[in-house]
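Colleague: Supplied in structure tokens, the structure appears directly below.
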Amino acid sequence: MFVRVLKNIAAVILFSSCIVSAASAAIPEGTPKARIAVLGGTFLNDIIFSSNLIKKEFTIETKLGTSPKIYYAEYEGIPFYYVHNHGDGKWQETWVALYDLGVEEAIGGATAGAINKKMGVYDYIVADDLIDMNIDRALSFPKSIYRDPNAIPLPRLTPAMDTDIRNILLEQTKKAFAADANFKKHKVHDGGVIVQARGGRFETVAEIKAFAQWGGDLVTMSVGTEIVYARQLGINYATLIVVSNPAEGMGTWDFSLMEELYPRINPLSLKIVLESLKPVAALKGKPRVSDGLINHPEMTSKKKEK
């Protein structure tokens, strides 16, 4: 009997170690660690690859598939991960990879069309709310990817983004504008409603009129998904938006505008992001606005025991 018990204990230990090994096998040994991630978009384009910030690149296997390339970088002693172009279409794999890597803070960004006529080309907006018109990206994550199997992730998005990171981005953007003579005539806006359109094309004039009636200030294609996924995974996130053009019907423009715009805004956007890293890193351990907004209580008629 005693021998059988010992065999059973050994089997449990072996089974448990296999589970641990399987769980940790997704993260390659020697993968550098970081708490902060930067999600690239047209506000940065490829400028980070012209710097000496990147030290290593890798991918990891997640429960939803292989991640896009994740770049490990450092700025003034602050480590961070960089993901290019919102993850190059690997929407959920990107965010599950960051979750598995232990990321707690994330900065995103994009260029956008201005619906609000008070927002002009080259203006920067630290947005604070979202209207999501996504129709093809998954709306949520399978429960299997979460660390707590009993969690019921059904988050509130009020507020839609992390207020601490928003405040840091706002402060650093104002500083960057004040220090750059080319941007002194442009504006920094505290708050704005992003309409995430379906993507794949620019919007019609009729769509923009509808978005304006809904209260939208900006229209873009990707950061809305990031806002939602970050909250669902408990990652604190805020986004920096640059107006690249008037939204359709709100002014005249052509693609030559963007050829002029990207070389001007990409260096400034990178500066803002980099200067935000140290204060974002200092948020570690601080209570956050999303605490208590992520998981729904158990759906039961039974009273909770005190």
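The values are calculated or read from the model by the stated rules, or taken from the named source; none is laboratory data. Keep in mind it's a predicted model, so treat the numbers as computed, not measured. Positions of Cβ are generated from backbone atoms using ideal geometry, with glycine treated the same way; all protein chains shown enter the neighbour counts. Each accessible area value is taken on the protein alone, full model and side chains, heavy atoms only, with ligands, DNA and RNA left out. Shrake-Rupley method; radii C 1.70, N 1.55, O 1.52, S 1.80 Å.
Colleague: Go ahead and set up a Gaussian network model of the chain, Cα springs under 10 Å, then flag whichever of 216, 30, 65 fluctuates most.
Modeller: 30
Colleague: In addition: Among the aspartates and glutamates, select those whose C-alpha is under 15 Å from the C-alpha of residue 286, and discard any that sit fewer than 8 residues away in the same chain.
Modeller: Hits, sequence-local ones excluded: 104, 105, 162, 164.
Colleague: How about residue 118: which aspartates and glutamates have a C-alpha closer than 13 Å to its C-alpha, ignoring those fewer than 8 places off in the same chain?
Modeller: Candidates past the 8-residue exclusion: 190, 217.
Colleague: What does the extension gain come out to for residue 163 and residue 253, with contour length at 0.36 nm per residue minus their alpha carbon separation?
Modeller: Gain on stretching residue 163 to residue 253: 29.0 nm.
Colleague: Turning to a different aspect of this structure: With everything on Cα atoms, drop me the angle between helix 223-232 and the longest principal axis of the chain, reported from 0 to 90° to the nearest 10.
Modeller: 30 degrees
Colleague: Right, another one. Please return the longest range in the chain lying between exposed loop sites, taking chymotrypsin sites (Phe, Trp or Tyr not before Pro), DSSP loop only, at most 14 other beta-carbon atoms within 10 Å, and leaving the sites out.
Modeller: Working: sites that count: 202, 255.
The answer is 1-201.
Colleague: When we measure straight from the Cα of residue 143, which lysines land under 16 angstrom away, once same-chain ones fewer than 8 places off are left out?
Modeller: Residue 143 reaches 63.
Colleague: So how tilted is helix 163-179 from the main axis of the chain? Cα-based, degrees 0 to 90, rounded to 10.
Modeller: Tilt relative to the chain: about 40 degrees.
Colleague: If I build a Gaussian network model for the chain, linking alpha-carbon pairs within less than 10 angstrom, which residue out of 288, 156, 201 has the largest mean-square fluctuation?
Modeller: Sorting by GNM fluctuation, first place goes to 201.
Colleague: Ignoring ligands, DNA and RNA, what percent of the accessible area of the chain is carbon or sulfur (1.4 Å)?
Modeller: 55 percent
Colleague: To continue, here is another question. Using the Karplus curve 6.51 cos²θ - 1.76 cosθ + 1.60 with θ = phi - 60°, work out ³J(HN,Hα) for each residue of the stretch 279-286 in order, rounded to whole Hz, and write x for Gly and Pro.
Modeller: Each residue's phi maps through the Karplus curve to give x, 5, 4, 6, 6, 3, x, 7 Hz.
Colleague: For helix 205-214, report the angle its Cα long axis makes with the longest principal axis of the Cα atoms of the chain; keep it between 0 and 90° and round to the nearest 10°.
Modeller: Tilt of helix 205-214: around 70 degrees.
Colleague: Using a Gaussian network model of the chain with C-alpha springs under 10 Å, which one of 256, 140, 67 is most mobile by mean-square fluctuation?
Modeller: So, out of 256, 140, 67, the one fluctuating most is 256.
Colleague: Listed here are the pairs 69/175; 184/271; 284/306; which of them are more than 23 Å apart at the Cα?
Modeller: 69/175; 284/306
Colleague: Relative to the Cα centre, what is the charge dipole magnitude of the chain, using +1 at the beta carbon of each Lys and Arg, -1 at the beta carbon of each Asp and Glu, and rounding to the nearest 20 debye?
Modeller: It works out to roughly 1020 debye.
Colleague: Would you be so kind as to identify which of 131, 142, 119 lies farthest towards the positive end of the dipole of the stretch 118-159, taking Lys and Arg as +1 and Asp and Glu as -1 on Cβ and the Cα centre as origin?
Modeller: Of the options given, the answer is 142.
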